Amino acid sequence: MFIPTLKESPADAEVMSHQLMVRAGMIRQLAAGIYSILPMGLRVLRKVEQIIREEMNRIGAQEVYLPSVQPSELWEESGRWKLYGKELLRIKDRHNRSFCYGPTHEEVITDILRKEIKSYRQLPQTLYQIQTKFRDEVRPRFGIMRGREFMMKDAYSFHSSEGSTRKTYADMAGAYSKIFERCGLNYKMVQADSGSIGGSFSNEFMVLADSGEDEIGFCTGCDYASNVEMAEAAQPSAPPANQETEALKEVHTPDKKTVEEIVEFLSVSPDRIVKTIVFESDQGLVAGLVRGDREINPVKLKNMIGCEWLYPAPEKMIYEQTGYPCGFIGPVGLKLKIYADQEVPLMKNFVTGANKKDTHYTGVEIGRDIVIEKLGDLRRIQEGDACPRCASGVYQIKRGIEVGHIFILGTKYSQAMKALYLDDQGKENPMMMGCYGIGVGRTAAAAIEQNHDEKGIIWPPFIAPFQVIILPVNFSVDSIRTASETTYRTLWDSGVETLLDDRPDRLGVKFKDAELLGIPLQIVIGPKNLETGKIEIKQRKTGNSDLYPFPGILEKIPEMLKSL
RNA sequence: CGGGGCGUGGCGCAGCCUGGCUAGCGCACCUGCUUUGGGAGCAGGGGGUCGGAGGUUCAAAUCCUCUCGCCCCGACCA
């Protein structure tokens, strides 16, 4: 078998799963974010896929296989040909017609359903596929975890009622939980932002790992959990101290730009200051207000405004468009739309910038001095913040890898693409939709992140590339070779996926590789034990090993594997 | 896209600053002998347009310019 293992980690692999996948001969890089999957890697991906298939089929989803190459017309219809941006890999055929390489398949699947489904009687429908996607990521990284070309399971559901949509959504959430459990992952389902896919409601499945790219906040007291970018703040309580109304007053604050500097210079606590952050968006520049000891959460602001995109505005842009000097911007008299965190109006008299260099205001008050466009939860949660759902818990924040994401899409695509059905009144309605993704390779990588030691991978049994590896101490000795081959055939005959290390190398080399590959059970066949009719079986995870009678023990191996 | 770093046999690296013998080391590979329960020992051997192009120079892996690729840090996503 072709399993090119490496003693040393490749220099360009940062995270453990990437290093181990390369070292264990599972993957090789071809270009940035583009990987060849070698036999060991493919076996694992197939295991994950199979688990996904079983759980999808179990909830009544049907498998399809949709084209990767998709005509631009469909994407024009949904509006995403323009919106999706550079991440969409666009290509032209010989007739100079525009296509893209599918990063996701809402358009294609909606096109199929709108042609085939006419009546509410034909709904609901849930279809899924497991297929290669392409996203021209700005920055691919971490091996197969964030590749540009990657395997994804994507499912889409179509409904004639909200209740049916929610039911399928719940079924999916259940199926996803089973999938990740079977893959041996410690995961959390968290509330999430629906991002560019669009839609109204969404959850992510996060595998807890320090190498994760996301931060998730979860309650220590109840089961509330959310991506930090969406995590709700608890109902605000007013800051203590000086709440008396004071007159608006201009103060000279030379070079004091940050909250810390103001705290020190004016001897006020940070919860007496209001920060003004300016963002650029498709609706122009906007300002967000949060208390001085808080951070603003741009995703919440984006959702509050309801804009397509929003980024922190560069200092230069702010100055050029408004003349306001960064570090001294404040809401009083500000010529931008102002969105404020719900904590801000509870403050009676506070400090803000005065939109003038080296100047701040004190005694500022909402209403009297400031006009707020909209009010709501805008702050980024912090560890230790009160839970928004229960009385006793507080937020804890950990890093996670997003392995799955489920969305309720509503009618965003069906409306744009006229995917209509007739209801029981004979009236035309857009179908309601949900969509549901799992990163197959990312799930495998996440499993490695959570299951490895200094020696290598420790595969969870259900997704291990093989269950057993046979290590003959010396393959050129007849008795050992014969016993090894017998073991190999017997195990395969009883349905155990087995690898035989028939290389002429010394045992030490075979042990090192077996540990690196992470196969759950090692069977060591050596001359001394064989003379007394015994073989050694060693567990990868615990390192424990015992002698067992040969060949009698072989028929008990399937049983042994179940107990792992 | 912005910022930083790196490209030298299959892998991991040294050499570059301060140009100068035949470009070196470890691992891997090939041959032979020995060894054979935890990455063997000895002896011999093969393999490199120093990412590419141009320039400076008597002389370039080394200096300069351009270019390509890859990696890392920030805004997106499975």
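What's the local net charge at A:Leu375, with K and R +1, D and E -1, over the other residues with C-beta under 11 Å away? Please report the intermediate quantities before stating the final value.
On the way: positive: A:Lys374; negative: A:Asp341, A:Glu343, A:Glu373, A:Asp377.
Neighbourhood net charge equals -3.
Placing +1 on the Cβ of each Lys and Arg and -1 on the Cβ of each Asp and Glu in chain A, which of A:Phe201, A:Gln122, A:Val268 has its Cα farthest towards the positive end of the resulting dipole?
A:Gln122
Taking chain A, how much of its Cα-Cα pair set, in percent, is spaced more than 32 angstrom apart?
Considering chain A, 58 percent of its Cα-Cα pairs are separated by more than 32 Å.
Taking a threshold of 29 Å on the Cα-Cα distance, which of the pairs A:Lys118/A:Lys167; A:Lys92/A:Lys153; A:Lys133/A:Lys455; A:Lys178/A:Lys510 fall above it?
A:Lys133/A:Lys455; A:Lys178/A:Lys510
Taking a Cβ-Cβ separation under 4.7 Å as the criterion for a possible partner, which cysteines of chain A have none?
Unpaired cysteines in chain A: A:Cys100, A:Cys183, A:Cys307, A:Cys326, A:Cys435.
For labels at A:Arg121 and A:Ala31 in the simple 7 Å Cα→Cβ model, what's the distance in nm?
5.1 nm
Along Cα→Cβ, 7 Å out, is where each label goes; now give me the distance between the ones at A:Asp493 and A:Ser177 in nm to one decimal.
That separation, rounded to one decimal, is 4.3 nm.
Just to check, using Stokes-Einstein with a Kirkwood Rh over alpha carbon pairs, what's the diffusion coefficient of the stretch A:186-329 at 20 °C and 1.002 mPa s in µm²/s?
Result for D is 118 µm²/s.
Could you name the lysines whose alpha carbon sits less than 17 Å from that of A:Lys357, not counting residues in the same chain fewer than 8 places away?
A:Lys249, A:Lys256, A:Lys257, A:Lys275, A:Lys316, A:Lys335
Give a residue-ordered list of calculated ³J(HN,Hα) values for the stretch A:202-219 (Karplus: 6.51 cos²θ - 1.76 cosθ + 1.60, θ = phi - 60°; whole Hz; x for Gly, Pro).
My calculation for the stretch A:202-219 gives 7, 10, 10, 9, 10, 8, 6, 6, 5, 7, x, 8, 10, 10, 10, x, 9, 7 Hz in order.
With r defined as the distance between the Cβ atoms of A:Ser476 and A:Leu89 and R0 fixed at 41 Å, what FRET efficiency is calculated, to the nearest 0.05?
0.20
Where the only charges are on Cβ atoms (+1 Lys, Arg; -1 Asp, Glu), what is the dipole of the stretch A:458-564 about its Cα centre, to the nearest 20 debye?
The calculated dipole for the stretch A:458-564 is roughly 260 debye.
Could you calculate the FRET efficiency of A:Asp453 with A:Asp255 from 1/(1 + (r/R0)^6), where r is the beta carbon distance between them and R0 is 45 Å, rounded to 0.05?
For R0 = 45 Å, the calculated efficiency reads 0.30.
What is the sum of charges around A:Leu517, taking Lys and Arg as +1, Asp and Glu as -1, for the other residues whose C-beta is under 12 Å from the C-beta of A:Leu517?
+3
With a 10 Å Cβ neighbour count serving as the proxy for reagent exposure, in which order, fewest first, do A:Ile397, A:Ile366, A:Ile381 appear?
Listing A:Ile397, A:Ile366, A:Ile381 from fewest to most nearby Cβ atoms yields A:Ile397, A:Ile366, A:Ile381.
Could you work out how far apart the two model spin labels at A:Ser269 and A:Asn544 are, taking each label as a point 7 Å from the Cα in the direction of the beta carbon, and quote it in nm?
5.5 nm
Counting other C-beta atoms within 10 Å, which of A:Ser414, A:Ser9, A:Ser281, A:Ser157 has the fewest, and how do the rest follow?
A:Ser9, A:Ser281, A:Ser414, A:Ser157
Given the convex hull of the Cα atoms of the stretch A:379-531, what is a quarter of its surface area in nm²? Don't skip to the end; give the middle numbers.
On the way: hull surface 75.8 nm².
Quarter of the Cα hull surface area: 18.9 nm².
Per the Debye formula with a single identical scatterer at each Cα and no solvent contribution, what log10 I(q)/I(0) holds for the stretch A:1-147 at q = 0.10, 0.12, 0.17, 0.20 Å⁻¹?
Result of the Debye calculation: -0.50, -0.69, -1.10, -1.23.
Taking R0 as 41 Å, what FRET efficiency do you get between A:Asp214 and A:Glu559 from their Cβ-Cβ distance, rounded to the nearest 0.05?
For A:Asp214 and A:Glu559, the calculated efficiency is 0.55.
If the only charges are +1 at each Lys and Arg Cβ and -1 at each Asp and Glu Cβ, what is the size of the charge dipole of chain A around the Cα centre, to the nearest 20 debye?
Working: 71 positive and 77 negative charges, 208 e Å.
Using Cβ point charges on Lys, Arg, Asp and Glu, chain A gives about 1000 debye.
Between A:Lys337 and residues 5 or more places away or on another chain, which pairs have amide H atoms under 5 Å apart, with H built 1.01 Å from N, and which residues are they?
A:Ala287
Based only on other Cβ atoms within 10 Å, what is the fewest-to-most ordering of A:Leu88, A:Leu346?
Ascending Cβ contact count within 10 Å gives the list A:Leu346, A:Leu88.
With θ set to phi - 60° and the Karplus curve 6.51 cos²θ - 1.76 cosθ + 1.60, what are the ³J(HN,Hα) couplings of the stretch A:40-50 in order, to the nearest whole Hz, using x for Gly and Pro?
4, x, 5, 4, 5, 4, 4, 5, 4, 4, 5
Hey, what do the phi angles of the stretch A:472-482 turn into as Karplus ³J(HN,Hα) couplings, whole Hz, using 6.51/-1.76/1.60 and θ = phi - 60°, x for Gly and Pro?
x, 5, 8, 5, 8, 7, 3, 4, 6, 4, 4
Laboratory data are not the source of any read-out in this text; all were calculated from the coordinates shown. Predicted, not measured: the structure shown is a model, and the values here were computed from it. Note that each Cβ is placed from the backbone with ideal geometry, even for glycine, and that neighbours are counted across all protein chains shown.
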